[in-house]
1. Search region 118-135 for residues that are in contact (Cβ under 8 Å) with a residue 12 or more places away in the chain and pair each with any residue that is open to solvent by less than 50 Å² (accessible area, probe 1.4 Å) and of a type in the set (V, I, T) when their beta-carbon atoms are under 6 Å apart and the residues are at least 6 apart or on different chains.
2. Within region 27-120, which helices (runs of 4 or more DSSP H) (wholly inside it) include 3 or more residues that are of a type in the set (A, V, I, L, M) and either touching a Cys at 6+ places or on another chain (Cβ under 8 Å) or open to solvent by 10 Å² or more (accessible area, probe 1.4 Å) (or both)?
3. Only one residue in A34, A51, A13, A30 is more than 13 Å from the chain's Cα centre (by Cα), of a type in the set (G, A, S) and either closer than 23 Å to G97 by Cα or at pLDDT 95 or above (or both), so which one is that?
4. Just checking, which of T88, T161 is within 21 Å of V24 (Cβ to Cβ) and of a type in the set (V, I, T)?
5. Take the residues in region 153-210 that are of a type in the set (F, W, Y) and in a helix (DSSP H, G or I), then tell me which one is farthest from A100 (Cα to Cα).
Amino acid sequence: MSFDLPRRLVAEALGTGLLVATVVGSGIMAARLAGPDSAVALLCNTIPTGAILVVLITVLGPVSGAHFNPAVSAAMAWRRELPVTELTPYVLAQVAGGVAGSWLAHVMFDLPVLQASVTVRAGLGQWLGELTAAFGLLLAILGAVRFNNAAVPWCVGLYITAAYWFTSSTSFANPAVTIARAVSDTYAGIRPADVPAFIAAQLAGALLATLLCGWLLAGRGPARQPAGAHEPRRTALS
């Protein structure tokens with residue numbers, strides 16, 4: 001089924017907005033219930049994020065490809081699986097949806113809508129964490145698309161769940177989400193001054209993964225499907 005650009009842009013904005021609302025909202029709830037500096041709070045932020053990704057990609061993937069991430073859209077444009085002319089509209093929809101998601105979380109928790117985070121997230125370790133997070137995310141997406149497209153929602157959700165814990169930055173891995181978290185002075189926030197370096201690291205990681213997968217996954221002949229797997233569906237991610 002093919003969807004026109006306006007519908008795909010709404011799907012991208014909606015998906016990114018609900019993703020950010022989940023990240024920010026669960027962070028607020030976790031900080032209130034468990035305290036902002038506890039491992040329980042991070043766990044309470046992690047599980048909803050991984051879960052919502054499975055849902056959103058499953059539901060909206062057939063509409064827009066469920067990128068919800070400028071780094072993913074850029075990778076798909078690089079691979080000629082998203083028209084270059086549609087890259088900017090996709091990114092704008094994702095950023096707008098993400099910011100709206102932060103605002104929605106603020107309203108739900110009776111916080112001021114307009115905020116700017118003061119949480120410092122800077123330094124080589126944090127930047128390397130973001131590069132690693134984005135690299136792994138694109139590796140998970142492109143690998144799943146290559147071999148078992150039906151597994152994309154679970155691969156992405158489970159990867160982000162893991163990356164919250166093994167990366168020093170807690171795995172933003174998404175320029176639109178990073179911008180949206182900068183306008184939320186809550187548990188999930190990031191100081192606006194730290195956003196450019198995070199985005200640069202994310203794009204670098206995504207580019208490295210895209211280039212590597214272009215070689216690594218380009219085997220001879222058709223990809224082997226796991227036993228019982230269905231044929232891949234055609235989406236913007238496949």
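The values are calculated or read from the model by the stated rules, or taken from the named source; none is laboratory data. All values derive from a computational prediction rather than experimental measurement. Glycine gets a Cβ as well: all are built from the backbone with ideal geometry, and neighbour counts include every protein chain shown. Remember, those area values only see protein heavy atoms, side chains included, never the ligands or the DNA or RNA. Shrake-Rupley method; radii C 1.70, N 1.55, O 1.52, S 1.80 Å.
1. T119/I190; R121/I190; G129/T167; T132/T167; A133/T167
2. Here the list reads 39-64, 84-108.
3. The unique qualifying residue is A30.
4. Checking each option against the conditions leaves just T161.
5. Per the criteria, the residue is F166.
Each row is one residue, and each column tells you yes or no for (1) aliphatic (A, V, I, L, M); (2) more than 20 Å from A134 (Cα to Cα); (3) at pLDDT 95 or above; (4) out of contact with any Phe, Trp or Tyr (no Cβ under 8 Å at 6 or more places or on another chain).
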{"position": "Y159", "(1), (2), (3), (4)": "no, no, yes, yes"}
{"position": "Y164", "(1), (2), (3), (4)": "no, no, yes, yes"}
{"position": "F172", "(1), (2), (3), (4)": "no, no, yes, no"}
{"position": "A204", "(1), (2), (3), (4)": "yes, no, yes, yes"}
{"position": "T210", "(1), (2), (3), (4)": "no, no, yes, no"}
{"position": "G221", "(1), (2), (3), (4)": "no, yes, no, yes"}
{"position": "G228", "(1), (2), (3), (4)": "no, yes, no, yes"}
{"position": "R233", "(1), (2), (3), (4)": "no, yes, no, yes"}
{"position": "S238", "(1), (2), (3), (4)": "no, no, no, yes"}
